[in-house]
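Trainee: The following block contains the structure, expressed as structure tokens.
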Amino acid sequence: MNIPSKPTRVLATAAVAVSMTACVNQPIPAGAASVPAATVPATAVAAPGIPDTPAGKQLAWLLDALASPPVPEAEIGKHFAADFLKGTPAKVINQVLTSFKGMRLEKVTTSREDALIALATEGEWRHEISLSVDTAGLINGLLFRAPAPKSWAELDERLKKAAPQAGFLAAEVAGNGAKNGNCRPVHAIARDRKRPLGSIFKLYVLGTVAQRIKAGAFSWDTELTITPELKSLPSGELQDRPDGSKVTVMEAAKLMISISDNTATDLLIHKVGRKAVERTMRAWGATDKRNFPLLKTRELFVLKGADYPRHAKRYLSLSTAKKRDYLEKVVAEVPLTRVKAWTKPRELDTIEYFASPSDICRAQAQLIKMDDKQVDKAMSVPASALGLDPKQWPTVWYKGGSEPGVHDQSFLARTSAGKTYVVTSMAVNPKAAFDDGKLGAELTALARGAFPLADGS
């Protein structure tokens, strides 16, 4: 759950992009085409030095710029192609450079005149830099990402290093998601341990909406009205629209998943009913009693951020039935202006949404089992956002979630041969907040490596 005033980080692998994740998760619009590792010929570089090529010269400049960002806009203009800067302005480039400040070259792994791939380190984190230049020697492609693991043993080691408490599951969806939606584990770490979900719980909201539409209760084109009592806090954009504005169910669903819009989520929960989402969660295996009553995002913000810990303590002392009354009669009356951001882990074992990697796999499998084009539109991200080959993996879905001390990612991907896999990583630190940018990049890299490992490709 994104916290008010907390910088939003998003999943991204684009022209200039940091793989970053929080409660909001969507591809950043690309400037120029990136250069994925697979497009650079594997010409080994004997020494860890920088090659004397047009691409090598720009790598040398980049490493120097990373020593003390931000870089003057005029200087950026001398090193990046104009077409690249149209889509990725200097301000964004400087944001990325600042995120990787202090990065040091480890070695250049592949090289040609106009492109290269290098490994670099930033503290305890390792990154892969893909860089290309145009005929004038200006940068027209730049990608930072963590390298994908080449074995399950490497994945396990890196996940253990990344988070004090972690769960992981790579599973094949039986029947390709078209029959029973069962998940067949391929590799797992604590796959049945219930952990906080953050915004991944929105999978169950989407599933409930799709079920109610299939039953004829309303349609994807049905309009919802944004009212003050249904507005939540960022992430999202609907909270900034005027009271009384209309939004279709489909637009709300897409915003709920693509940018994890919290107001969109609460609008949809209000439309289908809290108990309907709870029934979906139980039916799909998310039966942890802490999920009930299901909290709207606004309610979670109030319980954790308004006059804390007064509301939280009172709420947790009540029975489930009385909790429902407290949400409707007390929490609903607390203005959002009373919510204060929190930067340290808070009530991670009590006020959250809870499920295991196995549960999340079942939820993803149930969603794809629906074979609903609108669900697919809401869940889909480009294969390039994960770093998979779109020809081999034409369908990729994603949802993530976080708050201080929680960072989760769940991907579904289907091969061109029709096999479907789900990869879910769950990271928890009850004592301190994560660096969402760096951990997000690492978990995305682990998923990028897990899919081909699971498929044996």
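Trainee: Please report the Cα spread of segment 270-380 along all three principal axes, rounded to whole Å, starting with the longest.
Mentor: Ordered largest first, segment 270-380 gives principal extents of 44, 28, 27 Å.
Trainee: If packing is taken as the average count of other Cβ atoms within 10 Å, what order do 371-378, 333-340 fall into, highest mean first?
Mentor: Top to bottom by mean Cβ count within 10 Å: 371-378, 333-340.
Trainee: While we're on this one: Compute the whole-percent fraction of alpha carbon pairs in segment 382-457 spaced more than 22 Å apart.
Mentor: Everything past 22 Å amounts to 25 percent.
Trainee: Right, next: Given the Cα-Cα distance of Q392 and K160 and 0.36 nm per residue of separation, how much length would full extension add, in nm?
Mentor: 80.6 nm
Trainee: How far, in nm, would the chain grow between K377 and T135 when pulled straight, counting 0.36 nm per residue and subtracting the alpha carbon separation?
Mentor: 83.4 nm
Trainee: Can I ask one more? Mind putting a number on the dipole of segment 107-215 about its Cα centre? Charges go on the C-beta only, +1 for Lys and Arg and -1 for Asp and Glu, and I need it in Debye to the nearest 20.
Mentor: It works out to roughly 840 debye.
Trainee: Considering all projection directions equally, how large on average is the shadow of the alpha-carbon convex hull of segment 322-385, in square nanometres?
Mentor: Computing the convex hull of the Cα atoms and averaging its projections yields 8.1 nm².
Trainee: To continue, here is another question. Cα centroid distance between segment 331-394 and segment 242-313, in Å?
Mentor: Using only Cα atoms, the two centres lie 12 Å from each other.
Trainee: Hey, could you grab the Kirkwood Rh for segment 37-145? Inverse mean 1/r over distinct alpha carbon pairs, Å, one decimal.
Mentor: After inverting the mean inverse Cα-Cα distance, the result is 13.9 Å.
Trainee: Please list log₁₀ I(q)/I(0) at q = 0.09, 0.10, 0.13, 0.16 Å⁻¹ for segment 152-455, using the Debye equation with identical point scatterers on the alpha-carbon positions.
Mentor: -0.42, -0.52, -0.90, -1.37
Trainee: Treating each Cα of segment 179-321 as an identical point scatterer and ignoring solvent, apply the Debye formula and state log10 I(q)/I(0) at q = 0.09, 0.12, 0.13 Å⁻¹.
Mentor: -0.31, -0.55, -0.64
Trainee: Could you work out the local net charge near T265, counting Lys and Arg as +1, Asp and Glu as -1, over the other residues with Cβ closer than 14 Å to its Cβ?
Mentor: Net local charge, T265 excluded: +3.
Trainee: With charges set only on the Cβ (+1 for Lys and Arg, -1 for Asp and Glu), what does the dipole of the chain come to about its Cα centre, in debye to the nearest 20?
Mentor: Using only the charged Cβ atoms, the result is roughly 1700 debye.
Trainee: Here's something else I'd like to know. Would you report the distance distribution of C-alpha pairs in segment 232-279 as whole percents per 10 angstrom bin, up to the bin with the largest distance?
Mentor: Bins of 10 Å from zero give 29, 56, 15, 0 percent of pairs.
Trainee: Pairing the Cα long axis of helix 320-329 with the longest principal axis of the chain, what angle in degrees results, from 0 to 90 and rounded to the nearest 10?
Mentor: 80
Trainee: Between the helical axis of 249-258 and the dominant principal axis of the chain, each derived from Cα atoms, what acute angle in degrees is found, rounded to the nearest 10?
Mentor: Approximately 50 degrees, to the nearest 10.
Trainee: Continuing with this model, one more query. Provide the convex hull volume over Cα atoms per residue for segment 126-237, in Å³.
Mentor: Expressed per residue, the convex hull around the Cα atoms of segment 126-237 is 272 Å³.
Trainee: Toward the positive end of the charge dipole of the chain, about the Cα centre and with charges on Cβ (Lys, Arg +1; Asp, Glu -1), which of P242, P89, S380 goes farthest?
Mentor: It is P242, whose Cα lies furthest towards the positive end.
Trainee: How about segment 406-457: which trypsin sites (Lys or Arg not before Pro) there lie in a loop by DSSP and see at most 11 other Cβ atoms within 10 Å?
Mentor: K431
Trainee: Among I117, A60, P70, pick out the residue whose Cα is farthest towards the positive end of the charge dipole of segment 37-145, where Lys and Arg carry +1 and Asp and Glu carry -1 on C-beta, about the Cα centre.
Mentor: P70
Trainee: Still on this structure: Compute the separation of the alpha-carbon centres of segment 404-432 and segment 51-106 and state it in Å as a whole number.
Mentor: 31
FYI, it's all coordinate maths here, none of it is from the lab. Bear in mind that the values here come from a model prediction, so they are computed numbers and not experimental data. Every residue, glycine among them, receives a Cβ derived from its backbone with ideal geometry; neighbour counts consider all protein chains shown.
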